[in-house]
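One structure is given here, and the rest of the page talks about it.
The values are calculated or read from the model by the stated rules, or taken from the named source; none is laboratory data. Bear in mind the structure is a predicted one, so any value in this text is a computation, not a measurement. Heads up, the Cβs are rebuilt from the backbone with ideal geometry, glycines too, and the neighbour counts pull from every protein chain shown. Each accessible area value is taken on the protein alone, full model and side chains, heavy atoms only, with ligands, DNA and RNA left out. Shrake-Rupley method; radii C 1.70, N 1.55, O 1.52, S 1.80 Å.
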Amino acid sequence: MSVEIQTQPGAEAAPRRRLSPALQSIVRVAKYSGVKLVMLFITVVIGVYLTILIANMGGYVDQILRGEIREGISQRLRRDPLYRTLTPAEQNKYFESEVLREEERLHLNEPFAIRSVVYLTNALQMELGRAQNMSSDSGSRQVRLIILERLAPTLLLMGFSNMFLFFGSIFIALSLSRHYGSIWDKVTVALSPTSSAPPWFYGVFFILIFAAIFRVLPFGGMLDAPPPTNKLDYALNVMKHLILPSSAIIISSLFISIYNWRTFFLIYSSEDYVEMAKAKGLASRDVETRYILRPTLPTIITNFGLLVIGLWTGAIVTETVFSWPGLGRTAFRAIGLFDTPVIVGLTIIYAYLLAFTVFILDFLYAVVDPRVKIGG
Amino acid sequence: MQALKSAFRQLAGYPSALLGGILILILLGVGIYAPIAIPYNEAIALWRGGEEHWRQNPRNVPPLWYNWFTKEALPISFQYTEADENVTRTDTPRENGGTNTIITYTFDFQADKFPQELIVYLKSDYATKKPFISFTWITPDGREVRVTDLGITQSETYRFGQDTKLQRRLGGLPANQGLFADPNSEEVKPLKGTYTLVMDALTFEDGDTIVSSEFVMHGLVSGWFGTDHFRRDLGVAMLWGTPVALAFGTLASFGTSVVTMIIAAIGVWFGSWLDELIQRITEVNLVLPFLNILIMVGVFYSRSIWTMLGVTILLSIFNASIKSYRAIFLQVKESPYIEAARAYGASNMRIVFQYLIPRIIPLLIPGLVLGIPAFVFLEATLAVLGLGDPVLPTWGKMINDANNNAALYNGFYYWILQPAVLLMFTGLSFAMVGFAMDRVFNPRLRGV
């Protein structure tokens, strides 16, 4: 906003004294943004480095990997007819050289302290590198491709269900707060404890009812085998597979979400200025949008921002229960295969998104709420 | 104290809190009963399984109460030993050494379906020559069927269903059907009534005896909770899952919220760099992928429930609620009674633990209770991912086993439904009480 003032031709002609508050505010915002960015970057660095350390368990994972390499190579060589013709000394030498080669490929010959810093700097530059053991469905070892391949299903599942959940619950909560004490209000309050169960839990019930007993919806996966070739059928097929997992995600937090928003709106709708607006005889829709929604906008935006970055993590267990080919399952598989580059790749993207969202939120607050002054 | 009493009276006014409270008490009762009924080590040994523990059980059969809902009665599994009332045993010495032992097993069969399998376990003691034994099957309508004749070793297992000669004698029907089939019926269906199995054993030298015998029928229902793919009685996991879930949930929730509150209080009281540091740690913690780290610890290091509990608490201490506690403490810090405490020379620790923290305990309690279901389900979640405690039987591990064996696809609904219902009861009961507490203790929500 401050930038706009400067680019206006009229501002050039204005006397210096009138310009200085604008300049001051630019300096203030720039200084604030700079400090904030540095802090966020440090936070990301520490968070990601901690994850790298944990993903290695103090060198323990290196030992596991070394053991697996030796095991794998000795099995491979035992089947090799040429290898059997060598003398034991030659065999040993060849075996060791093969082990060394594989360890060099995975950079296991370098100390972990150095490797962890390499992981960190590469990750910070978004050079995700190559996976150690995993490969994408198209056969690539690029972490970027492994993640990109699974991103779409996760965004589809999480995006669809969370957007529905978010806007649905705000909409319902608004109308409930208007009819405080009604039967629907009471039902929602009574049902809110059901949200203590996670989505996979409802997923199990949904699979039981709709897949196992009635056989109307698939048990899991994202497509039938073989997938339909027609584009429309393909989309419909994905939709059919989407129903159960997304309903599980929606149901598991719908009531608590409505309850929280409703309580939140109720607290705000008992403010004096709302009473005043009602007394003036404003239409209830105007009261809602201008006097209740407007001041609660920062909270709504914060929640929405956190929701959007939450999409990125996927839902490990829900995806596992429904065999949904998303990022959550990729993360789970990467951990099982001790594939540090993939784990770090997923973490760094999440960390950057989180930092970016936190950074942007401050400015959004200032836009929607005139009382908030950036860096003030 | 008076305030607490009135709060609880108010709480009793919420029907959901009352119901939740009753459920919690029942769960607590089961939780205390479980380690008494099956001690820790025994539970672990039972759950590790093996033939010696569970050979009397069929694989993957539903619980007894299935019979209340099915049109056709399913045969109930049983295991009889010589100590049971329906078993008789007579030992008569023979003229030229050895004994003649006759053991009869009598049992009532009222089911409309055939059992899975019949098995006899025999233990004998002999010097040189194997004891010889012949089995006769007597049906309710008086037919006598020769089952088999065999010389037995010190430890012998005879499975009726695997005896092909017997199958041929029964007209091609497998033994589990042929022995029970009604000969006057067009379709193959079991004849109801009292069956007897007579075992006539001969030993050939003095001192040789049949030490013990055991007759087992693998029916189509077993126990109050059914069995799994390892023949284990699911009752063990249902029972032992209760204390494990309660302990994990309450310890994690209690540990997390109390430590979080103490840290927030200390940060606010000492202020300056300490407060800054705590806030920065909270932000770093937000970046860390919680479930991924738990999974990493489980996969790389240890799946023990205590390790998981520790890591869970460690990762949850610096959570977002530290900020809301901080906001309240900042208000409380300015109140006159704190100033008075400072004036009379109270130490920092005294102010934090005696004046600051007690003030917000009413806000802590609902959060603590509401946190329990989340942690109970977290334990189950980890187990569903295959990261359950390696030795302890838990509800989550049951669901995981069931999932791995495609229980829903194969129709073993009881396998998933039973632990799921218990999980739901646990989650709901604490959530209902917590919600009511929140409304009683939290002044902002009063009347909303």
Looking for something within 14 Å of chain B (Cβ to nearest Cβ) and within 26 Å of residue A:316 (Cβ to Cβ) - is there at least one such residue anywhere in the stretch A:174-188?
no
So which of B:342, B:326 is free of Cβ contacts under 8 Å to residues at least 60 places away in the same chain, open to solvent by 40 Å² or more (accessible area, probe 1.4 Å) and under 17 Å from residue B:271 (Cα atoms)?
B:342
Tell me, which helices (runs of 4 or more DSSP H) wholly within the stretch A:223-323 include 1 or more residues that are in contact with a Phe, Trp or Tyr (Cβ under 9 Å, 6 or more places away or on another chain) and of a type in the set (Lys, Arg)?
A:231-269, A:272-280
I'm trying to understand the selection: among the residues of the stretch B:149-171, which are open to solvent by less than 30 Å² (accessible area, probe 1.4 Å) and more than 21 Å from residue B:75 (Cα to Cα)?
B:152, B:163, B:166
Starting from the stretch A:54-77, keep only residues that are within 13 Å of residue A:133 (Cα to Cα) and of a type in the set (Gly, Ala, Ser), then list their pairs with residues that are modelled with pLDDT under 80 and not in a helix (DSSP H, G or I) whose Cβ atoms are within a distance under 6 Å, requiring at least 6 positions of separation or different chains.
none
With the structure loaded, tell me whether residue B:209 is in contact with a Gly (Cβ under 7 Å, 6 or more places away or on another chain) and surrounded by 15 or more Cβ atoms within 10 Å (Cβ to Cβ) or whether it fails that test.
no
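Here is a list: B:236, B:268, B:244, B:259. Which entry is open to solvent by less than 40 Å² (accessible area, probe 1.4 Å), in a helix (DSSP H, G or I) and farther than 27 Å from residue B:417 by Cβ?
Of B:236, B:268, B:244, B:259, the one residue that is open to solvent by less than 40 Å² (accessible area, probe 1.4 Å), in a helix (DSSP H, G or I) and farther than 27 Å from residue B:417 by Cβ is B:268.
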For the stretch A:337-356, how many residues are assigned to a helix (DSSP H, G or I) and farther than 30 Å from residue A:239 by Cα?
8
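Kindly provide the set of residues from the stretch A:91-117 that are touching a residue at least 24 places away in the same chain (Cβ under 8 Å), outside any loop (DSSP other than H, G, I, E, B) and of a type in the set (A, V, I, L, M), ordered by number.
Scanning the stretch A:91-117 gives a single hit, A:99.
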Evaluation of residue B:358 against (1) within 14 Å of another protein chain (Cβ to nearest Cβ); (2) closer than 30 Å to residue B:270 by Cβ; (3) free of Cβ contacts under 8 Å to residues at least 40 places away in the same chain (one fails), failing number
(1)
By residue number, the members of the stretch A:198-237 that are crowded, with 17+ Cβ neighbours inside 10 Å and either of a type in the set (Asp, Glu) or more than 14 Å from chain B (Cβ to nearest Cβ) (or both) are A:222, A:237
Between B:398, B:432, B:437, which is open to solvent by 20 Å² or more (accessible area, probe 1.4 Å) and of a type in the set (A, V, I, L, M)?
B:432
Residues of the stretch B:125-148 being without any contact (Cβ under 8 Å) to a residue 40 or more places away in the chain and open to solvent by 80 Å² or more (accessible area, probe 1.4 Å), in sequence order, are B:130, B:144, B:146
Taking the stretch B:123-176 and keeping residues in a strand (DSSP E or B) and of a type in the set (Asp, Glu) leaves B:125, B:144, B:149, B:156
State all residues of the stretch B:281-304 that are under 30 Å from residue B:360 (Cβ atoms), in a helix (DSSP H, G or I) and at the interface with chain A (Cβ under 7 Å from one of its Cβ atoms); if no residue qualifies, say none.
B:283, B:284, B:286, B:287, B:291, B:293
Got a sec? Which of B:199, B:217 is touching a residue at least 40 places away in the same chain (Cβ under 8 Å), part of a strand (DSSP E or B) and touching a Pro at 6+ places or on another chain (Cβ under 7 Å)?
B:217
Residues in the stretch B:95-113: is at least one crowded, with 16+ Cβ neighbours inside 10 Å and touching a helix residue (DSSP H, G or I) at 6+ places or on another chain (Cβ under 7 Å)?
no
Residue A:161 vs. criteria within 25 Å of residue B:428 (Cβ to Cβ), touching a residue at least 24 places away in the same chain (Cβ under 8 Å) and within 10 Å of chain B (Cβ to nearest Cβ):
no
Taking the stretch A:311-365 and keeping residues closer than 29 Å to residue A:294 by Cα and facing another protein chain (nearest Cβ under 9 Å) leaves A:354, A:355, A:358
Does any residue in the stretch A:32-47 that is at the interface with another protein chain (Cβ under 8 Å from one of its Cβ atoms) and under 20 Å from residue A:126 (Cβ atoms) come within less than 6 Å, Cβ to Cβ, of a residue that is hydrophobic (A, V, I, L, M, F, W, C) and outside any helix (DSSP H, G or I) six or more places away or on a different chain, and which pairs are these?
A:47/B:288
Across the stretch B:133-155, what is the number of residues that are more than 17 Å from residue B:166 (Cα to Cα) and of a type in the set (Ser, Thr, Tyr)?
2
So for the stretch B:290-302 (the condition being polar (S, T, N, Q), within 20 Å of residue B:374 (Cβ to Cβ) and either over 18 Å from the mean Cα position of the chain (by Cα) or open to solvent by less than 30 Å² (accessible area, probe 1.4 Å) (or both)), does at least one residue qualify?
yes
Which of the following residues is more than 13 Å from chain A (Cβ to nearest Cβ) and closer than 25 Å to residue B:7 by Cα: B:370, B:428, B:363, B:392?
B:363
With the requirement that a residue be open to solvent by 20 Å² or more (accessible area, probe 1.4 Å), under 18 Å from residue B:386 (Cα atoms) and either more than 9 Å from chain A (Cβ to nearest Cβ) or touching a Lys or Arg at 6+ places or on another chain (Cβ under 9 Å) (or both), what does the stretch B:401-425 give you?
B:401, B:404, B:405
Only one of these conditions is not met by residue B:100: (1) touching a Pro at 6+ places or on another chain (Cβ under 9 Å); (2) polar (S, T, N, Q); (3) assigned to a helix (DSSP H, G or I). Which number is it?
(3)
Which ones in the stretch A:54-90 are surrounded by 15 or more Cβ atoms within 10 Å (Cβ to Cβ) and in a helix (DSSP H, G or I)?
A:54, A:55, A:56, A:61, A:62, A:65, A:66, A:69, A:70, A:73, A:77, A:83
